[in-house]
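What follows is a single structure, written as structure tokens, with notes after it.
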Amino acid sequence: MIWNPNKECMSRDEMRALQGKRLQKLVTYVYHNVPFYRNKMQAMDVSPEDIKSIDDIVKLPFTTKQDLRDNYPYGLQAAPASEIVRVHASSGTTGNPTIVGYTRKDIAVWSEVMARCLTAFGVTREDTFSVAYGYGLFTGGLGAHYGVENLGATVIPTSTGNTEKHIRLIRDLNISGIACTPSYALYLAETLDKMGLRKEDIGLRIGAFGAEPWTENMRKEIEERLGLKGYNIYGLSEIMGPGVSYECSEQNGSHINEDHFYPEIINPETLEQLPHGEQGELVFTTLTKEGMPLLRYRTKDLCTLTNEVCACGRTSVRMGRIMGRSDDMLIIRGINVFPSQVESVILEMPEFEPQYMLVVDRVNNLDTLQVQVEVRKDFFSDDIGRMLNMKKALADKLKSVLSISADVKLMEPNSIERSQGKSKHVIDKRMLK
Ligand code: ADP
Ligand code: ZN
């Protein structure tokens with residue numbers, strides 16, 4: 001099923017024409033309403049009249065998270081305060097959080113793109129759907145909530161916390177779909193075990209998982225443990241929230257809601273636009289946003305784009321899985337390491353739970369990497385020989401994938417802290433020194 005075939009299945013030429021038209025309008029709008037953009041464009045000697053088609057986007061300035069912080073709280077807002085009906089903020093671990101204001105139309109667009117995602121995942125009006133992203137300033141909860149209502153399914157706003165009660169609700173209310181982080185999905189599976197229930201006792205069919213990077217192996221693990229089909233959903237608060245892109249039944253990359261969010265991939269060093277297929281930093285321009293529209297926002301997320309034909313019938317550009325954020329990329333002894341690489345290796349070995357932590361340090365001027373990983377109950381034993389073999393097997397695999405050696409630390413079952421929202425997989429002690 002396709003929610004809005006007119007928009008999701010447009011010909012490429014029609015889409016590009018629409019994007020060009022919307023970009024022109026957007027640039028005129030921010031030029032007149034956001035001094036930050038007017039100043040930047042004047043400094044680059046570009047005026048709204050220079051934007052004639054979507055290809056002219058390369059003439060426009062980039063926007064960074066730092067720009068949002070420097071203009072905290074409302075400096076980049078284009079609509080007058082009287083038009084803003086809602087405000088969200090991104091978590092912002094360092095410095096000021098980023099504040100995003102939405103107009104009534106922005107909320108309507110968000111609900112529309114969310115309905116497209118949920119329909120692609122197979123959710124219908126007959127479904128009862130639990131939103132287990134946090135409700136609050138974080139965009140996950142309310143963003144998904146409005147999408148479910150717009151589609152016409154029944155929304156159960158469970159949010160996070162009280163997982164046992166949540167599981168009882170899933171069983172008693174016949175909840176068939178759930179939106180949450182992949183880490184919370186795992187936690188749900190563990191809690192199900194703890195309660196002595198089986199996946200057959202709850203009838204979950206569809207999972208909309210996102211808000212943090214996750215791997216194919218993690219998908220298999222969650223699908224197996226919860227008995228559902230897991231789909232990837234991507235988004236970020238600066239651009240809208242969840243619903244920027246979504247997987248279809250082909251699960252071969254995520255379709256971007258390109259009529260609203262124009263994607264580019266750039267080389268993060270030179271800032272040059274890269275052709276489809278090449279990996280780089282994902283950049284979005286909000287083509288229709290009114291509250292806080294952004295030109296060429298640098299997400300710091302690393303991935304690839306493709307517009308090869310998709311068998312589902314949608315024609316939009318697709319993005320590959322996020323390798324990680326450029327902020328998450330660890331440089332250890334000069335080698336780039338992503339937590340997702342470690343996750344992939346751990347999940348290929350039946351001995352381990354998908355619970356891990358990378359601890360990076362610097363000892364005598366040399367970077368060290370320790371990988372802490374939980375051993376599954378059935379594999380945990382007092383037999384030192386067996387445990388040492390397990391440790392060596394993982395260290396060897398990690399070395400071949402990462403190209404650097406890691407010290408593996410086997411942990412007891414349930415010793416690594418579980419996350420209900422976005423999980424944390426790295427402790428970099430070098431930054432603390
Ligand atoms: P922040 O985490 O910066 O406070 P958000 O809550 O808006 O802000 O989170 C957006 C970020 O979450 C994205 O830029 C991306 O790094 C990550 N993210 C969201 N969805 C996914 C996904 N499906 N896969 C990988 N990463 C994701
Ligand atoms: Zn598709």
- When you look at residue 323, is it within 16 Å of ligand 2 (Cβ to nearest atom) and either closer than 17 Å to residue 234 by Cβ or not assigned by TED's automatic domain parsing to the domain that holds residue 268 (or both), yes or no? no
- Within the stretch 200-222, of all residues that are closer than 19 Å to residue 328 by Cα and assigned to a helix (DSSP H, G or I), the one nearest to ligand 2 (Cβ to nearest atom) is 216
- Tabulated pairs, the stretch 388-412, first of a type in the set (Val, Ile, Thr), second crowded, with 17+ Cβ neighbours inside 10 Å and part of a strand (DSSP E or B), C-beta under 6 angstrom, 6+ apart or interchain: 404/332; 408/371
- What tally of residues in the stretch 223-246 results from selecting those that are within 16 Å of ligand 2 (Cβ to nearest atom) and surrounded by fewer than 21 Cβ atoms within 10 Å (Cβ to Cβ)? 1
- Query: For the stretch 205-218, which residues satisfy the criterion of being within 11 Å of ligand 1 (Cβ to nearest atom) and of a type outside the set (S, T, N, Q)?
  - Reply: 208, 209, 210, 211, 212, 213, 214, 218
- Return yes when residue 211 is crowded, with 19+ Cβ neighbours inside 10 Å, under 20 Å from the mean Cα position of the chain (by Cα) and outside the structural domain of residue 355 (by TED's automatic domain parsing) and no when it is not. yes
- Message: Cβ-Cβ distance below 6 Å, separation of 6 or more or different chains: which pairs start in the stretch 140-168 with a residue that is closer than 9 Å to residue 130 by Cα and open to solvent by 30 Å² or more (accessible area, probe 1.4 Å) and end on one that is in a helix (DSSP H, G or I) and within 16 Å of ligand 1 (Cβ to nearest atom)?
- Response: 157/145
- Message: If I ask for residues that are open to solvent by 50 Å² or more (accessible area, probe 1.4 Å) and of a type outside the set (Lys, Arg), which ones from the stretch 196-208 would you list?
- Response: 196, 200, 201, 203
- Hits in the stretch 81-131 (condition: away from ligand 2 (no atom under 16 Å from the Cβ) and polar (S, T, N, Q)): 82, 90, 91, 93, 94, 96, 98, 103, 111, 124, 128, 130
- Residue match in the stretch 262-280 (condition: touching a helix residue (DSSP H, G or I) at 6+ places or on another chain (Cβ under 8 Å), at pLDDT 95 or above, within 10 Å of ligand 1 (Cβ to nearest atom) and closer than 29 Å to residue 14 by Cβ): no
- Considering every residue within the stretch 297-305, establish whether at least one is charged (D, E, K, R), within 15 Å of ligand 1 (Cβ to nearest atom) and under 26 Å from residue 135 (Cβ atoms). yes
- Task: Determine if the stretch 148-157 includes at least one residue that is closer than 18 Å to residue 420 by Cα and at pLDDT 95 or above.
- Result: yes
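The values are calculated or read from the model by the stated rules, or taken from the named source; none is laboratory data. Since this is a predicted model, take the numbers as computed values, not measurements. In this analysis, Cβ positions are derived from the backbone assuming ideal geometry, glycine residues included, and neighbour counts consider all displayed protein chains. Just so you know, the surface numbers come from the protein's heavy atoms only, side chains and all, with ligands and any DNA or RNA stripped out. Shrake-Rupley method; radii C 1.70, N 1.55, O 1.52, S 1.80 Å.
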